[in-house]
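Remarks on the structure that follows.
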Amino acid sequence: MLLEGKRIAIFNVANKRSIAWAIAQAMAAQGAELVLGYQNERTRGTVGRLAEQLTGVKAVVPCDVSFPEQVEALQETVGEKVGTVHALVHSLAFAPQEALHNPYLFTEREDFLTTLEISTYSLVALARAFMPLFAHEASIITLTYYGAEKVMPGYNVMGVAKAALEASVRYLAHDLGPAGVRVNAISAGPINTVAARGVPGFLNALELHQAKAPLKRTVESREVAAAAVFLASDLASAITGEVIHVDTGYHLMGV
């Protein structure tokens with residue numbers, strides 16, 4: 001029970017195939033009490049029904065990070081529901097379809113700003129909103145992808161957003177370190193989620209990953225979730241500012 005007595009907020013759960021849901025299941029199994037976020041009314045019912053499957057869910061709250069007032073309201077809402085928070089999981093990303101299908105060169109300004117706001121700046125906004133709620137030695141965990149480091153055709157503007165997200169992890173680790181808050185990212189290999197299928201060439205990326213990775217397979221959501229449990233636990237008390245690859249070794253290959 002690595003997370004017994006810890007209260008953890010996860011933003012956002014979308015559906016049963018999302019990585020955030022796998023993380024929620026793994027953390028609940030390790031004794032955590034959870035606050036689950038959902039984006040809008042369309043996903044509220046789905047997340048509510050999923051929450052009923054877990055023990056330890058203390059609240060299900062709305063959080064559309066494109067509305068600053070919703071992020072700011074979390075401080076009061078979550079504080080009233082659970083008080084102190086020991087970990088925050090940031091599992092949020094979005095890019096307009098046009099920006100994914102077009103070469104990066106032709107990314108429109110509005111699409112670029114939208115992608116960076118939701119996929120990158122939301123980590124900063126959530127971290128700031130939760131600062132008064134964090135317990136000493138709290139943990140912030142976000143999700144990234146290898147497209148932040150190398151060009152992955154079809155990932156386009158999202159790769160740039162993830163690169164900015166990884167840089168944000170390092171700067172936030174510096175800023176929040178004196179308060180005892182750790183900030184880390186998990187770079188997950190491609191997983192067949194609803195969101196991932198919106199990336200052009202995703203199925204080809206899965207095949208390439210399996211062929212080239214040292215373990216000769218793709219990664220599973222439960223393996224990413226296990227890494228999140230570790231980073232939220234006291235076992236990772238000296239780890240901050242890191243990007244931990246959970247990708248069956250794909251990132252170490254040159255060809």
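Condition first: of a type in the set (Ser, Thr, Tyr) and closer than 20 Å to Trp21 by Cβ. Now tell me which residues in region 207-255 satisfy that. Talk me through it step by step, then tell me what you get.
As a first pass, look at region 207-255 and keep what is of a type in the set (Ser, Thr, Tyr): 218, 221, 233, 237, 240, 248, 250.
Listed by number, the residues that qualify are Thr218, Ser221, Ser233.
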Study note, to complete from the structure: Log entry, pairs with first residue in region 139-164 being farther than 30 Å from Thr84 by Cα, second being open to solvent by less than 20 Å² (accessible area, probe 1.4 Å) and among the acidic types (Asp, Glu), beta carbons closer than 6 Å, six or more apart or on different chains, reads Ala148/Glu166
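Could you count how many residues in region 15-27 are surrounded by 20 or more Cβ atoms within 10 Å (Cβ to Cβ) and more than 11 Å from the chain's Cα centre (by Cα)? Spell out the reasoning first.
Restricting attention to region 15-27, the residues satisfying the condition of being surrounded by 20 or more Cβ atoms within 10 Å (Cβ to Cβ) are 18-24, 26-27.
With the extra rule that they be more than 11 Å from the chain's Cα centre (by Cα), the set shrinks to 22, 24, 26-27.
Result for region 15-27: 4.
Consider Thr193 carefully, then state whether it is hydroxyl-bearing (Ser, Thr, Tyr) and open to solvent by less than 30 Å² (accessible area, probe 1.4 Å).
Working: hydroxyl-bearing (Ser, Thr, Tyr): yes; open to solvent by less than 30 Å² (accessible area, probe 1.4 Å): yes.
Against the criterion (hydroxyl-bearing (Ser, Thr, Tyr) and open to solvent by less than 30 Å² (accessible area, probe 1.4 Å)), Thr193 qualifies.
Determine whether region 196-215 contains at least one residue that is under 15 Å from the mean Cα position of the chain (by Cα) and not aromatic (Phe, Trp, Tyr). So that I can check it myself, show each step before the final result.
At the first step, the residues of region 196-215 found to be under 15 Å from the mean Cα position of the chain (by Cα) are 196.
Now narrow it down to the ones that are not aromatic (Phe, Trp, Tyr): 196.
Yes, because at least one residue in region 196-215 is under 15 Å from the mean Cα position of the chain (by Cα) and not aromatic (Phe, Trp, Tyr).
In this structure, is Ile8 buried (at least 24 other Cβ atoms within 10 Å of the Cβ), among the β-branched types (Val, Ile, Thr) and part of a helix (DSSP H, G or I)? It would help to see each step written out before you state the result.
Working: buried (at least 24 other Cβ atoms within 10 Å of the Cβ): yes; among the β-branched types (Val, Ile, Thr): yes; part of a helix (DSSP H, G or I): no.
Answer is no for this residue.
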Study note, to complete from the structure: Taking first residues from region 238-255 that are on the phi > 0 side of the Ramachandran plot and in contact (Cβ under 8 Å) with a residue 24 or more places away in the chain and second residues anywhere that are hydrophobic (A, V, I, L, M, F, W, C) and in a loop (DSSP other than H, G, I, E, B), the pairs with Cβ under 8 Å that are 6 or more apart or on different chains are Thr248/Ala213; Thr248/Leu215; Thr248/Val219; Gly249/Ala213; Gly249/Leu215
Exercise for review: Considering every residue within region 134-149, establish whether at least one is open to solvent by 40 Å² or more (accessible area, probe 1.4 Å) and not in a strand (DSSP E or B).
Suggested key: yes
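Is it the case that region 127-136 has a residue that's at pLDDT below 95 and either more than 20 Å from the chain's Cα centre (by Cα) or among the β-branched types (Val, Ile, Thr) (or both)?
Of the residues in region 127-136, the ones at pLDDT below 95 are 136.
Okay, now just the ones that are also either more than 20 Å from the chain's Cα centre (by Cα) or among the β-branched types (Val, Ile, Thr) (or both), so 136.
Yes, region 127-136 contains at least one residue that is at pLDDT below 95 and either more than 20 Å from the chain's Cα centre (by Cα) or among the β-branched types (Val, Ile, Thr) (or both).
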Point to revise | strands (runs of 3 or more DSSP E) contained entirely in region 29-133, each with at least 3 residues that are on the phi < 0 side of the Ramachandran plot and open to solvent by 30 Å² or more (accessible area, probe 1.4 Å) | key: 57-62
Check your understanding: Just a yes or no: is a residue in region 232-254 open to solvent by 60 Å² or more (accessible area, probe 1.4 Å) and within 15 Å of the chain's Cα centre (by Cα)?
Key -> yes
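The values are calculated or read from the model by the stated rules, or taken from the named source; none is laboratory data. All values reported here derive from a predicted model rather than from experimental measurement. Note that we place each Cβ from the backbone using ideal geometry, even for glycine, and neighbour counts take in every protein chain shown. Protein only, heavy atoms only, side chains kept; ligands, DNA and RNA dropped before computing areas. Shrake-Rupley method; radii C 1.70, N 1.55, O 1.52, S 1.80 Å.
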